Amino acid sequence: MCLAIPMTVKRIEGTRALAEAYGVEKYVDIVMTPDVAVGDKVIIHAGFVIERLDPESAREIEAAWDEYHRAMNDEKETGRPDGA
Amino acid sequence: MADRILAGHGSGGKLMNEMIGGLIRRILGMESVQLDDSAVLHTETGKIAFTTDTFTITPIEFPGGTIGSLAVNGTVNDLAVMGAKPLYLSCALILEEGLETAVLERILVSMRSAADAAGVSIVTGDTKVVERGKADKIFINTAGIGILEGMVQRRPIMPGDAVLINGFIGDHGIVIMALRNRLSFSRGLISDCAPMNGLIGSVIAAFPESVKFMRDPTRGGVASVLNEIVKGADFGIGLAETALPVRDEVRGVSGMLGIDPLYAANEGKVLMVVRGEDADGIVEIMRSLPEGRDAAVIGRVSGDYPGRAYLETRTGGRRILPLLIEEQLPRIC
Amino acid sequence: MNNDNIRELADAFRSLRLKRDLRIMEVCGTHTTEFFRTGVRDVFPEGLALIDGPGCPVCVTPNDYLDRAIEIARVHGVTVATFGDMVKVPSSYSSLAAEKAQGLHLEVVYSPLDALEFAAANPGIEVMFLSVGFETTAPTEAVAVQRARERNIGNFSILCGNKLTPPAVKALLDAGETRIDGFILPGHVSAIIGVEPWRFAADSYGKPGVVAGFEAYDLITATTTLVRLIEAKRYVVENGYARVVRDRGNPKAREIMYTVFEERDAHWRGIGIIPDSGLALRDAYADFDAWLRFPVEPPPAREHPGCRCGDLLRGLILPTDCGLFGTACTPENAVGPCMVSSEGPCSAYYKYGGL
């Protein structure tokens, strides 16, 4: 029972924050991570921030994923799905 | 079949298929009740396509449409995917006592503009008002008639055929799920609700012999349509995950609520199976039209895994795209 | 992190040569599903078996919990608020979906706070939230109870069925019924409890573990790391999800959780009673305990005689080893919860295992 996704904190209003990911916005509760700040990447579960993403490790992962997405996009433009 | 009708019987999946086959057609007529998007009727002067659809949705107004535009486009599209030219619609309204007149007016205005955009006329109708609590604000039924000038666009599907779609997957279903779960969009995401008859007409005019099958992937989404196509067939259909046009917002909401965009409703999309060699030409035609700007080839018909719809994922692994069993609920597991 | 292409990574993973056949267990139900959904399960190296563990909270919730929830709704006319996950799960005699068709008021929510808001907006009706889930979810439910008290929302209560994961893993190891060479450990549970509570598996039982994230990348790298640890006989627990999981977890979340809840023995489907493996409301929050507020006597719980969910959750069998799998038990007509929960192993096998 662990579906949780990364979002970015846009605004903080008391015990809640407006978080954003992929253009989707949602108010989330930050009572479990009181030191969260605007711009932080956070993990959301059932409407709550349960943890902040560590910027260092996240950057590494993101760089890898950017590479990967670039590779995927190249593939989308030039490649053809063979469905096989 | 279950002792009682459950919500899942209305979700376009396996339960609904059981109800249609095991109860509705069994009693109303296995022969007479046609299973396709529209019934094709032969008259002395030619063939007509005839269809009906009932619309219930919460909320009744949403970014990109209302229950009214949905009711027009849904029926127009059910006719268009047969290759028919939609002409006339009926409009039956079931109104809940207490519905605001201003809301009804907005819905009717959106019906009218959808009909104008699709080039169809609403020629007859009916209204009923039911006691408060006996309906949810408004239900709309539309029936539609179209003429089939050429062939019904159904031809034998075989390995090598291509599967294409005229744009982004899941926008409508995800907008509705987002509204119901208090999610909003920083850049805006709207329902794709639109008539497909213009785009389909252009494709058929240029490639009259190429289209093997078309369907508007509404309730149950793209994966459910694929499952209908491959059911009992000696071929399978493989989608390439990297080729699927899915908006960031749709990915975002899907991730949050634990749902799959391949099973989310589309209201302005047509999924086509076409001759492999014509796929690029058809995509080009689609892309020249506003409602097909983001068209893409998303998969292939193959001899592998007969009777199965499957997805080749980013990792190169494959997984089955099962027939959706019931409605998708937001989940946290 | 020098792999710029997930596919390359997957190909390398697929061609891993194992020194001997290995059996690893994924504890978390979300992992069960993600291994399939991402296609990673399809590129598993030869000789590596993935055993599904007791990590689907819906699956390990015994029938008597849902029986009680349904009986409370019937007798006391309360509205049941729940995560979508519980809706289709069979109880001894029914399910929430079937009860809804017969008039039960059901409110499906994404967050426990949504259930609280629903109660606040409808003061005339009693709202009972089905508080299930592991350490990831329990703090969110604890907050809902705290807020209900702060805001004096008297028509809100929870039916507590929360469970803790490390005691279940320990119980499996103690039972020793099946060979497990190592564990893929739950990423978001560990975000709350940290890495420390898993070390017993390595220290006392010689089973390495890797805390894993949920992307294809995470699954492949964590599994590869686990295989390496097992083969090198390095009995340690590694954190493969360091971008989210701190060694000590989230102390604030645990503080909230243990302010509202206390540990208690709990009944796990298939495993039985495990000491200190569940949560119950502390006496100070007894006002919000639906168990106390709505006394009922549910009919005796019963299990389908052929259902092997219990064996499955103990890692003894694969879904396909169950005689009911795919015949008497399918997702649309499920006998056991493992077939109907979105992250149940049977459901995952049924949906994705057909290729």
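Excluding B:Ile204 itself, what net charge comes from residues whose Cβ is under 14 Å from its Cβ, given Lys and Arg +1 and Asp and Glu -1?
Numbers: positive: B:Lys85, B:Arg154, B:Arg155, B:Lys212, B:Arg275; negative: B:Glu149, B:Glu209, B:Asp278.
Its environment carries a net charge of +2.
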### Summary
Total charge of the residues flanking B:Glu267 in space, meaning their Cβ is under 9 Å from its Cβ, with Lys and Arg +1 and Asp and Glu -1, is -2
## Note on the structure
The distance between the Cα centres of segment B:69-90 and segment C:262-302, in whole Å, is 54 Å
### Query
Under a straight-distance cross-link criterion of Cα-Cα below 21 Å, which lysines are reachable from B:Lys47, leaving out those fewer than 8 residues away in the same chain?
B:Lys85, B:Lys212
### Query
Cα centroid distance between segment B:45-64 and segment C:66-137, in Å?
33 Å
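As a test of reading the structure, rank C:Trp291, C:Trp198 by solvent-accessible area (1.4 Å probe, protein chains only), most first.
Numbers: C:Trp291 125, C:Trp198 5 Å².
Per-residue accessible area, sorted high to low, gives C:Trp291, C:Trp198.
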## Note on the structure
Partner shielding of B:291-298, as the mean number of partner chain Cβ atoms within 10 Å, equals 1
### Task
Quick one: among B:Met111, B:Met214, B:Met256, which has the greatest mean-square fluctuation in a GNM of chain B with alpha-carbon springs under 10 angstrom?
B:Met256
### Summary
Out of C:Leu50, C:Leu313, C:Leu185, a Gaussian network model of chain C with alpha-carbon springs under 10 Å gives the largest mean-square fluctuation to C:Leu50
### Message
Taking the full set of protein chains and a 1.4 angstrom probe, give the accessible area of C:Asp203 in square angstrom, rounded to the nearest 10.
### Response
120 Å²
#### Entry: Residues in segment B:288-310 reached by a label modelled at B:Asp234 [backbone nitrogen below 19 Å; 7 Å Cα→Cβ]
B:301-309
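Would you rank B:Glu44, A:Glu13 by solvent-accessible area, highest first, keeping every protein chain in place and using a 1.4 Å probe? Numbers along the way, then the final one.
Values: B:Glu44 195, A:Glu13 70 Å².
Descending order: B:Glu44, A:Glu13.
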### Task
Express in Å², to the nearest 10, the accessible area of B:Leu311 obtained by rolling a 1.4 Å probe over the protein heavy atoms while all chains stay in place.
0 Å²
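Are there any trypsin sites (Lys or Arg not before Pro) in segment C:273-327 that are in a DSSP loop and have at most 15 other Cβ atoms within 10 Å? List them by number. Walk me through the numbers on the way to the answer.
Working: sites: C:Arg282, C:Arg293, C:Arg302, C:Arg308, C:Arg314; in loops: C:Arg282, C:Arg302, C:Arg308, C:Arg314.
Listed in order of number, the matching sites are C:Arg282, C:Arg302.
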### Query
Per residue of C:141-150, what is the mean number of Cβ atoms on other protein chains within 10 angstrom of that residue's Cβ?
2
### Projected area averaged over orientations for segment C:92-140, convex hull of C-alpha atoms, nm²
4.4 nm²
### Query
Which ³J(HN,Hα) values, rounded to whole Hz and listed in residue order, are derived for segment C:100-108 from phi using the Karplus coefficients 6.51, -1.76 and 1.60 in 6.51 cos²θ - 1.76 cosθ + 1.60 with θ = phi - 60°, glycine and proline given as x?
4, 5, 10, x, 5, 7, 10, 10, 8
### Query
Most fluctuating residue of C:Lys207, C:Lys252, C:Lys19 in a GNM of chain C with Cα springs under 10 Å: which is it?
C:Lys19
### Size of charge dipole - segment C:21-302 - debye, nearest 20, with Cβ of Lys, Arg +1 and Asp, Glu -1, no other charges
220 debye
### Query
Taking the alpha-carbon centroid of each part, what is the distance from segment C:184-224 to segment B:292-317 in angstrom?
33 Å
#### Entry: GluC sites (Glu not before Pro) within segment B:83-133, DSSP loop, no more than 16 other Cβ atoms inside 10 Å
B:Glu97, B:Glu100, B:Glu131
### Query
Based on DSSP, what percent of beta bridges with both residues in chain B are antiparallel, to the nearest 5?
75 percent
### Message
Helix-only mean residue ellipticity at 222 nm, chain C, DSSP H runs n ≥ 4 weighted -39,500 (n - 2.57), per residue, nearest 500. What is it?
### Response
-10500 deg cm²/dmol
### Query
Are there chymotrypsin sites (Phe, Trp or Tyr not before Pro) in segment B:162-239 that DSSP puts in a loop and that have at most 11 other Cβ atoms within 10 Å, and which ones?
none
## Note on the structure
The pairs in A:Lys26/B:Lys14; B:Lys14/C:Lys100; B:Lys137/C:Lys88; A:Lys41/C:Lys252 lying past 23 Å Cα-Cα in this model are A:Lys26/B:Lys14; B:Lys137/C:Lys88
### Task
List the lysines whose Cα lies under 25 Å from the Cα of C:Lys19, skipping any in the same chain that are fewer than 8 positions away.
C:Lys207, C:Lys233
#### Entry: In degrees, nearest ten, helix C:251-260 long axis to first principal axis of chain C (Cα)
30 degrees
### Query
Going by accessible area, probe 1.4 Å, with all protein chains left in place, what is the ranking of B:Met272, B:Met177, largest first?
B:Met177, B:Met272
## Note on the structure
Karplus-derived 3J(HN,Hα) from phi for segment B:68-79 (6.51 cos²θ - 1.76 cosθ + 1.60, θ = phi - 60°), whole Hz, x at Gly and Pro, runs x, 5, 4, 5, 6, 5, x, 6, 4, 5, 4, 6
### Accessible area of B:Ile48 in the full protein assembly, 1.4 Å probe (Å², nearest 10)
40 Å²
### Query
So who's got an amide H within less than 5 Å of the one on A:Asp54, skipping anything under 5 residues away but keeping other chains? H placed 1.01 Å off N, in plane.
C:Val244
### Task
Tabulate in residue order the Karplus-calculated ³J(HN,Hα) for segment B:292-298, using 6.51 cos²θ - 1.76 cosθ + 1.60 with θ = phi - 60°, rounded to whole Hz; enter x for Gly and Pro.
x, 4, 10, 4, 7, 7, 10
### Query
Of C:Ala284, C:Ile24, C:Val245, which is farthest on the positive side of the dipole of chain C, counting Cα position, with +1 on Lys and Arg Cβ, -1 on Asp and Glu Cβ, and the Cα centre as origin?
C:Ile24
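The values are calculated or read from the model by the stated rules, or taken from the named source; none is laboratory data. Note that this is a predicted model, so its numbers are computed, not measured. Please note: Cβ atoms are built from the backbone with ideal geometry, for glycine as well, and neighbour counts cover all protein chains shown. These area figures cover heavy atoms from the full protein model, side chains too; ligands, DNA and RNA do not enter into them. Shrake-Rupley method; radii C 1.70, N 1.55, O 1.52, S 1.80 Å.
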